[in-house]
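Starting off with a structure, shown below.
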Amino acid sequence: MNARLVVSLSGTNARTLDRCAELAADLDQRGVPLSLLVAPRAETEAVLDWVRERAGRGDALLLHGYDHTAEPRMRTVAFGRKAEFAALPAHEAGLRLTAATRAFERLGLTADAFAPPRWLASQGTLTALRRKGFSVCADLLAVRDLRFDTVHKGRVLGFGSSDRAEPWWCFTVVLGAARLARRGGLIRLAVDAADLARPGPRQAVLDAVDVALHHGAEAITYRRFGQTSTGMAVSSGRTEVPFGASRSNQA
């Protein structure tokens, strides 16, 4: 099986819009679409226009949580699991998804794919997503086709927040992309708009994309995992499709 490459972008706002547009243009030249992780916040019209334009050009929109606040009773949970949808039961997750979907629609946006904040989704969240008609959930360890209960394994590749470790993160992202591409794996590059302000991570993203394409990876979006006509593995039961391992990004 040929490798698949998914590049996601989060954190687009008025301050980061120019950098996001530059990355999108660089990826357009390489024939690589973006998966835009968008939270239903009130953004400037320029940001919303850009998001709508990118969606019209083939980029995928993913609902990226609601307000990104940790649920109050999670304050005693270990730091690594503090995220909006990391521990919610199905009912509470459903309420947040309903509010998020309505807010999304008021912005003139629609999405049937979901990426939770920090890539962490509870089992209750997965249940709520299915009930709400979402087709895809992209979490830290896999991409889930919610309609056919198919799991495409592949850990997120991204950058840490430590400046001192930045060269190591950049090296790991490029090396991980190359390794997965050679093995026919699922390459999930997660870019936060804040990463693009630093030349090292920005260049590492492009280098990782280039090395993946060099090894024959197919550039797709997360929306593709919910479209069964593409020839991806589908099963009426839980099927796990392994794609190798990679590093994580805190989106």
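The values are calculated or read from the model by the stated rules, or taken from the named source; none is laboratory data. Fair warning: this is a prediction, and the values are worked out from it, not measured in the lab. Ideal geometry is used to build each Cβ from the backbone, glycine not excepted, and the neighbour counts take in all protein chains shown. Just so you know, the surface numbers come from the protein's heavy atoms only, side chains and all, with ligands and any DNA or RNA stripped out. Shrake-Rupley method; radii C 1.70, N 1.55, O 1.52, S 1.80 Å.
Where a ≥ b ≥ c are the square roots of the eigenvalues of the C-alpha gyration tensor, would you call the range 1-144 rounded, which needs a/c under 1.5, or, failing that, prolate if a/b is larger than b/c, or oblate?
Working: a/c = 1.75, a/b = 1.49, b/c = 1.18.
It comes out prolate by the Cα gyration axes.
For the chain, which whole percent of the accessible surface, found with a 1.4 angstrom probe, sits on carbon and sulfur atoms? Walk me through the numbers before you get to the answer.
Values: 5550 of 11200 Å².
Summing carbon and sulfur atoms, their accessible area is 50 percent of the total for the chain.
Checking the a/c ratio against 1.5 first, then a/b against b/c, what shape does the Cα gyration tensor give for the chain? Could the numbers behind the result be given before it?
Working: a/c = 1.33, a/b = 1.16, b/c = 1.15.
Note, shape of the chain comes out rounded.
Please list, in order along the range 139-145, the HN-Hα scalar couplings obtained from phi with the Karplus expression 6.51 cos²θ - 1.76 cosθ + 1.60 (θ = phi - 60°), rounded to whole Hz, x for Gly and Pro.
Along the range 139-145, the couplings run 10, 4, 9, 6, 10, 10, 7 Hz.
Per residue of the range 109-117, in order, report the coupling 6.51 cos²θ - 1.76 cosθ + 1.60 (Karplus, θ = phi - 60°) as ³J(HN,Hα) in whole Hz, putting x for Gly and Pro.
My calculation for the range 109-117 gives 10, 9, 7, 10, 10, 9, 10, x, x Hz in order.
Measuring from label point to label point, each 7 Å out along Cα→Cβ, what is the residue 197 to residue 107 span in nm?
Simple spin-label model gives 2.0 nm for this pair.
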